[in-house]
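The values are calculated or read from the model by the stated rules, or taken from the named source; none is laboratory data. Given the structure is predicted, the values throughout are model-derived calculations rather than measurements. Note: ideal-geometry Cβ built from the backbone for every residue, glycine included; neighbour counts use all protein chains shown. All accessible areas refer to the heavy atoms of the entire protein, side chains included, with ligands and DNA or RNA removed. Shrake-Rupley method; radii C 1.70, N 1.55, O 1.52, S 1.80 Å.
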Amino acid sequence: MKAKDIIKRVLLLEIIQGMALTLKTMFTKAVTRQYPEEPRAAMPGFRGLHALSKDEEGVMKCVGCGLCAAVCPSQCIKIFTAQGLNHEKVVERYEIDTLKCLFCAYCVEACPYGAIALTEHYEYSDYSKESFYMDKDKLLENWDKYMSGDKGNEYFKRFWKPMSIDFNTSEEQAVFKGWDNNK
Amino acid sequence: MTKTKDALRQRELTINMGPQHPATHGVLRLVLEIDGETVIKCTPYVGYLHRGTEKLCENRTYLSAMPLMDRLDYISSMANDVGYCVAVERLLGIEPPERAKFIRTMMCEMTRISSHILWLGTHALDIGAMTVFLYSFREREWIMDLFEMVCGARLTVSFPRIGGIRNDVSQEFLDSLYKFAEEFPSRIIEYETLIDQNRIWLQRTKGIGVISAEEAVNWGFTGPTLRGSGVDYDVRKYMPYDAYEQVDFDVPVGKEGDVYDRYRCRMEEMRQSVRIIKQCIEKLPKGPIMTPDAPKFTLPPKDKVLKDMEAMIHHFVMLTKGPLTAPVGEIYSSTEVPKGELGFYIVSDGSGRPYRMRLRSPSFVHVSALPRLCVGSLVADVIANIGTIDVVLGECDR
Ligand code: SF4
Ligand code: SF4
């Protein structure tokens, strides 16, 4: 045992093993990414910049119930409603201070109408503070920009629909289906 | 003249380490009194990251307080969330369904791996092994991607909910996670090839920061920091929560109680975590992910909200006021997070918010023992000691 240890020490065996590993890694594919040139696609359901959703006719879905503002842990949503011409409630201002936001998606979960969504957009750094203060127009614009077409519907279907059908056992629920080593 | 010179020469030197020292893992400040290379006094100063989490919770409903838990120990947010949910569930007397339990357990173990590989990378970097850091971040990225796949966020997840979880996992996620669990052990071997036998690593870790089992218990150590000294205390075994009773795993313990043994403990823990993840995936039952028996404490299903008057009222009350029928009383509940035992002491006065919430964070306890570990050692070993207790200041300062 002792002699073996001495041989190991003199031959720097463990160092050579480590070096061999790093040498081997040199010939594998790089795991890093040249970020601004190679952007990374967010996974579906990513919690990024907010958007106020529109229905098929392009009308804002929000009714101004204020639940999202009530549940928001950082209290960064401000809603001002007023009375419309036919005595209905209209959302006059809807503002989110994204600098305060935690991106917890509680607002999405709270909204009974599916009127607010978190988009997959995350690159919105800027030099001025004002550009992070999202008003109604900007939020509606975000919907057109990042959730256009089917994407918006998919978002609510995929990520918010399951929340509603959880109470019944769903047949399509994911379970372990065996493992194939070559996969 | 010569007299003052001698006096100058013999005085101990007081140096300030941190709060912006890269090796203090955040904003820990240590005031060290050193005599040559030997530390003779060490005083930790904490509180630079104090955000008043405990006080903030008093003004939030049980649901809205959860994102704050993400930010306690920000590298293992999932485990904190689960700990918090378990505490509130015990207070409210509800039980999540089986499927949710297994998914939560799975997530906790993923967090453990992610936290331990971050620890391994930075600890090795502090001690001087650069390569491990690069390799460990490669695997950490993998776990982060898996988190993103399941809940849309990488770091501050807010995934579990009181009474269940936020959304179900997809088949794609389960397959990728199983693939990860299959491949990760070979990556652990890679890390071990690099440092396990490395003579520099051994010299910097063996016999450093030794603490006996008795002393470690007296200082209040928990988690791998305690198990390195040979005490097999693990909340997952002693007070099982979620699905830990239904999975099979070992609790690795060390012998000497030095930096090296704590390192070995954490490496073995990662292997055990992989084992737990695999069992959780294999045993994952079908079923609801939110408990259906506690409509007063959980959010009603979305499609019911607009159709059912009662559900709608519950929805509004839960979101604005919190669970108004919460029982009056107090509870202490602890869970095993990667750093040790995270305890929540909640006093409820029957309103929808905690009347008082106290957090027992492992990092705070471990930092308080730093003088014990550092005094008498060399300055260079202070770095090894900070690394070995795996301190995260977000949790320590709260
Ligand atoms: S994501 Fe969370 S913090 Fe941000 S606006 Fe919504 S509820 Fe508020
Ligand atoms: S976004 Fe939804 S929750 Fe918020 S005010 Fe509009 S309808 Fe209500």
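Assorted remarks:
- Taking amide H as placed 1.01 Å from N in the peptide plane, residue A:92 has its amide H under 5 Å from the amide H of A:80, A:81, A:82, each at least 5 places away in sequence or on another chain.
- Area projected by the alpha carbon convex hull of chain A, averaged over all directions, nm²: 20.4 nm²
- Here the relative contact order of the stretch A:1-146, from alpha carbon pairs under 8 Å that lie six or more residues apart, stands at 28 percent.
- Database remark: amide H of residue B:356 closer than 5 angstrom to the amide H of B:347 (H placed geometrically; neighbours at sequence offset of 5 or more, or on other chains; Pro and chain starts carry no H).
- Once the Cβ-Cβ distance of residue A:37 and residue A:156 is raised to the sixth power relative to R0 = 35 Å, the FRET efficiency obtained is 0.60.
- Whole-angstrom gap from the stretch A:112-152 to the stretch A:52-82, using each part's C-alpha centre: 13 Å
- Residue B:347 paired with residue B:307, simple spin-label distance in nm, labels 7 Å along Cα-to-beta-carbon: 4.5 nm
- The charge dipole of the stretch A:50-162, taken about its Cα centre with unit charges on the Cβ of Lys, Arg, Asp and Glu (plus for the first two, minus for the last two), comes to roughly 320 debye.
- Whole-number percent relative contact order across chain B, with pairs defined as alpha carbons under 8 Å at least 6 apart: 26 percent
- Pairs from A:129/A:157; B:101/B:321; A:136/B:321 whose Cα-Cα separation, in the structure shown, is over 31 Å: A:129/A:157
- Counting protein heavy atoms only, the protein assembly as shown has 56 percent of its accessible area on carbon and sulfur, 1.4 angstrom probe.
- Estimated FRET transfer efficiency when R0 is 60 angstrom, pair residue A:145-residue B:379 (beta carbons, to 0.05): 0.65
- Pairwise label distance in nanometres, residue B:21 with residue B:199, each label 7 Å out on the Cα-Cβ vector: 2.8 nm
- Distance from the Cα centroid of the stretch B:211-272 to that of the stretch B:302-372 is 26 Å (rounded to whole angstrom).
- Over all Cα atoms in chain B, the spread is summed up by Rg and Dmax: 22.6, 92 Å.
- Per-residue HN-Hα couplings for the stretch A:45-58 [Karplus 6.51, -1.76, 1.60; θ = phi - 60°; Hz; x = Gly/Pro]: x, 4, 9, x, 4, 6, 8, 9, 7, 10, 8, 4, 7, x
- Accessible surface buried once B binds A (1.4 Å probe; total of both sides; Å²): 5000 Å²
- Per-residue HN-Hα couplings for the stretch A:36-43 [Karplus 6.51, -1.76, 1.60; θ = phi - 60°; Hz; x = Gly/Pro]: x, 6, 10, x, 9, 6, 6, 6
- 10 Å Cβ neighbours from other chains, averaged over peptide B:162-170: 4
- With Cα atoms, 0 to 90° folded angle of helix B:130-151 axis to chain B main axis: 10 degrees
- Peptide B:145-157 has a mean shielding of 4, counted as Cβ atoms of other protein chains within 10 Å of each residue's Cβ.
- Distance between the pseudo-spin-label points of residue A:85 and residue B:372 (7 Å out from Cα toward the beta carbon): 7.6 nm.
- Farthest towards the positive end of the charge dipole of chain B, among the residues B:68, B:146, B:78, is the Cα of B:68, using unit charges on the Cβ of Lys, Arg, Asp and Glu.
- Rounded Å value of the spacing that divides the Cα centres of the stretch B:152-172 and the stretch B:47-81: 17 Å
- Under-5 Å amide H pairs with residue B:284, H placed in peptide plane, nonlocal only: A:176
- Residue-wise HN-Hα coupling along the stretch B:273-287, computed from phi with Karplus coefficients 6.51, -1.76, 1.60 (Hz; x: Gly, Pro): 4, 4, 4, 5, 4, 4, 5, 4, 5, 5, 8, 3, x, 7, x
- Debye-sum result for the stretch B:205-287 in log10 I(q)/I(0), which assumes one identical scatterer on each alpha carbon, at q = 0.13, 0.19 Å⁻¹: -0.45, -0.80
- Choice from B:152, B:230, B:387 showing the highest fluctuation, given a GNM over chain B with Cα pairs closer than 10 Å: B:152
- The protein assembly as shown - Rg (one decimal) and Dmax (whole number), Cα, Å: 26.0, 96
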